[in-house]
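Notes to accompany the following structure.
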Amino acid sequence: MTIDDNEVPYLYQAVENLIDTTNPKVARILDRALSGSEITIDEGEILFGTDSVGLLALMATADVLRRRVNGDTVTYVVNRNINFTNVCIKHCGFCAFSRDHREEEGYLLPLNEIIRRAQEAWDLGATEICVQAGLPPKMEGSLYIDLTREIKKAIPQMHIHGFSPEEVLYGSIRSKSTVIDYLQGLKEAGIGSLPGTSAEILVQEVRDKISPGRITVEQWQNVILTAHELGIPTTSTIMFGHVETHRERATHLDKIREIQKVHYGITEFVPLSFVHSEAPMWQQNLVEGIQPGATGLDVVKMHAVSRIMLNNFVDNIQCSWVKEGPKLAQMLLAAGCNDVGGTLINESISTSAGAQYGQLVPPSELRHWIRDMGRVPARRSTLYKLETVYEEEPLNLEPLDIAAADPMRFGSYDQLIKLEPFRYEGQRAPSLKGPTLPELVQMDSASKGSKLV
Ligand code: SF4
């Protein structure tokens, strides 16, 4: 047993007891993890296969490792998602958000509305906007760079966390430039960081089953490493609970770890459960052996093994309230997680896939989950700089806490896909001249009574 002497004695005893009761193979791996050794793919695969007794030891080990890195602090970010179009040329089997450009539910937000959403978020205390979208056909190659520049011009201090590796690759192809030149353009325009989405499982055979034609493992790795080389940090993710095996999950974690060893540009790792109910590959049974998302047991193991395999390499493991729901997300704080993600304000990708947990969570609610687990909530920047540590709950509600009482003021995905003025009609880029959502609501209620919300 190799737990540090300074660690809480009850924790030491509890973990020791749990590890001693699990099977010797698993016990050896967990002991190695506690001594700081790197856990191999073979060992990761064994950990994913643990039973319920092993599960408790797994959780406790992940919790000790989390405690060493992050202490009692659990972080969150105040942010807003802006998914500016759902029109996409790809047909990923898990995606219920995208619309083919001919479908009548395709939308594209005018630039005015994108900036209005970012400004409103800033006014309510957000420090980040997360900008991601579908890949519209015939798009201007410079679109992502232009959007970044326009938003930064309007709100210079806002951190733009935007454009997945798939989008960066698409932008570079559409503008006939290289990935490095495109990323350099994004950097000069003011991008703050890239989301490490579009990763799903970084095993090519799995990608070929669930999303043929999507960015390849090699291309994903190239975009991420190039971003890091240029000093643009990224996050990292996995989508699990569909057709992947335990070994493929462990292989994915090893890939993230190997990428991290090159430049240490990854800020966090976020396991994301597959949301099945509206996903085309589930509804149409397109992939043999498809599962209806991860079970609760699987979700806990995914987060715990992530902490254990990424130990010493990625400091922050985030649990997603969007995918797992608030109750399970809270419990994941006892399985290696130290971050609960963001307020989001306009979550639409998981909502369109059938997730039931809403489009936003106000900061006071995030802090409540954290404090309830006996941990200390802290608001962070996108890049994990602690902004406010809340030893005590503030006396007054924050602006977003108050605004969240009426989530419809922020618009919803259901509303967006029905709004005629935001309809996608083959545009190459968002128009500067389009109306904003409040203008539309005003026009609508002046003419025929509000049908927009
Ligand atoms: S996941 Fe992204 S690339 Fe794939 S269909 Fe959906 S929006 Fe398009």
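The values are calculated or read from the model by the stated rules, or taken from the named source; none is laboratory data. Worth saying up front: this structure is predicted, and the values here are computed from it rather than measured. Here the Cβ positions follow ideal geometry from the backbone for every residue, glycine too, while neighbour counts run over all protein chains shown. Ligands, DNA and RNA are stripped out before the accessible areas are found, and what is left, the full protein with its side chains, is counted by its heavy atoms. Shrake-Rupley method; radii C 1.70, N 1.55, O 1.52, S 1.80 Å.
Given the criteria crowded, with 24+ Cβ neighbours inside 10 Å and under 22 Å from residue 210 (Cβ atoms), does residue 103 qualify? When the stated conditions are applied, residue 103 does not pass them. If the condition is being loosely packed, with under 15 Cβ neighbours inside 10 Å and in contact (Cβ under 8 Å) with a residue 24 or more places away in the chain, then the stretch 43-70 contributes 49, 52, 53. Every test in (1) within 20 Å of residue 192 (Cα to Cα); (2) open to solvent by less than 10 Å² (accessible area, probe 1.4 Å); (3) not in a helix (DSSP H, G or I) is passed by residue 231 save one, and that test is (2).
How many of the residues making up the stretch 321-345 are open to solvent by less than 10 Å² (accessible area, probe 1.4 Å) and either within 16 Å of the ligand (Cβ to nearest atom) or among the β-branched types (Val, Ile, Thr) (or both)?
Step one: list which residues in the stretch 321-345 are open to solvent by less than 10 Å² (accessible area, probe 1.4 Å), which gives 321, 325, 329, 332-333, 335-343, 345.
If we keep only those that are either within 16 Å of the ligand (Cβ to nearest atom) or among the β-branched types (Val, Ile, Thr) (or both) too, we end up with 340, 343, 345.
So the count comes out to 3.
Run down 62, 57, 96 and say which single residue is touching a helix residue (DSSP H, G or I) at 6+ places or on another chain (Cβ under 8 Å) and within 16 Å of the ligand (Cβ to nearest atom). First the steps, then the outcome.
Details: 62 fails: within 16 Å of the ligand (Cβ to nearest atom); 57 fails: within 16 Å of the ligand (Cβ to nearest atom).
Criteria check complete, one pass: 96.
The rows are residues; the columns are (1) within 24 Å of residue 26 (Cα to Cα); (2) touching a Cys at 6+ places or on another chain (Cβ under 6 Å); (3) among the aromatic types (Phe, Trp, Tyr).
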residue: 267; (1), (2), (3): no, no, no
residue: 274; (1), (2), (3): no, no, yes
residue: 294; (1), (2), (3): yes, no, no
residue: 300; (1), (2), (3): yes, no, no
residue: 306; (1), (2), (3): yes, no, no
residue: 314; (1), (2), (3): yes, no, no
residue: 329; (1), (2), (3): no, yes, no
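Residues in the stretch 364-381 that are out of contact with any helix residue (DSSP H, G or I) (no Cβ under 8 Å at 6 or more places or on another chain) and open to solvent by 80 Å² or more (accessible area, probe 1.4 Å): 368 alone.
If you go through the stretch 309-346 and pick out every residue that is assigned to a helix (DSSP H, G or I) and over 13 Å from the mean Cα position of the chain (by Cα), you end up with 12.
Screening the stretch 382-403 for residues that are out of contact with any helix residue (DSSP H, G or I) (no Cβ under 8 Å at 6 or more places or on another chain) and closer than 20 Å to residue 117 by Cβ and picking the one that is least open to solvent (accessible area, probe 1.4 Å) gives 382. For the criterion of being under 26 Å from residue 336 (Cβ atoms), in contact (Cβ under 8 Å) with a residue 60 or more places away in the chain, in a loop (DSSP other than H, G, I, E, B) and more than 14 Å from the ligand (Cβ to nearest atom), residue 276 passes.
For the stretch 193-208, which residues satisfy the criterion of being in a helix (DSSP H, G or I) and surrounded by fewer than 20 Cβ atoms within 10 Å (Cβ to Cβ)?
Restricting attention to the stretch 193-208, the residues satisfying the condition of being in a helix (DSSP H, G or I) are 204-208.
Residues satisfying the conditions are 204, 205, 208.
Annotation: of all residues in the stretch 161-184 being part of a helix (DSSP H, G or I) and surrounded by fewer than 18 Cβ atoms within 10 Å (Cβ to Cβ), the one that is nearest to the ligand (Cβ to nearest atom) is 173.
Condition first: open to solvent by 10 Å² or more (accessible area, probe 1.4 Å) and either aromatic (Phe, Trp, Tyr) or within 16 Å of the ligand (Cβ to nearest atom) (or both). Now tell me which residues in the stretch 144-160 satisfy that. Once the filter is applied, which keeps residues that are open to solvent by 10 Å² or more (accessible area, probe 1.4 Å) and either aromatic (Phe, Trp, Tyr) or within 16 Å of the ligand (Cβ to nearest atom) (or both), the stretch 144-160 yields nothing.
Out of all the residues in the stretch 119-140, which are assigned to a loop (DSSP other than H, G, I, E, B), modelled with pLDDT of 90 or more and more than 14 Å from the ligand (Cβ to nearest atom)?
Kept after step one, since they are assigned to a loop (DSSP other than H, G, I, E, B), are these residues of the stretch 119-140: 124-127, 132-140.
Then keep just the ones that are modelled with pLDDT of 90 or more; that gives 124-127, 132-137, 139-140.
Listed by number, the residues that qualify are 124, 125, 126, 127, 140.
From the list 102, 116, 66, the lone residue that is in a helix (DSSP H, G or I), more than 30 Å from residue 153 (Cα to Cα) and among the charged types (D, E, K, R) is 66.
Consider residue 77 carefully, then state whether it is in contact with a strand residue (DSSP E or B) (Cβ under 6 Å, 6 or more places away or on another chain) and open to solvent by less than 40 Å² (accessible area, probe 1.4 Å). It is true that residue 77 is in contact with a strand residue (DSSP E or B) (Cβ under 6 Å, 6 or more places away or on another chain) and open to solvent by less than 40 Å² (accessible area, probe 1.4 Å).
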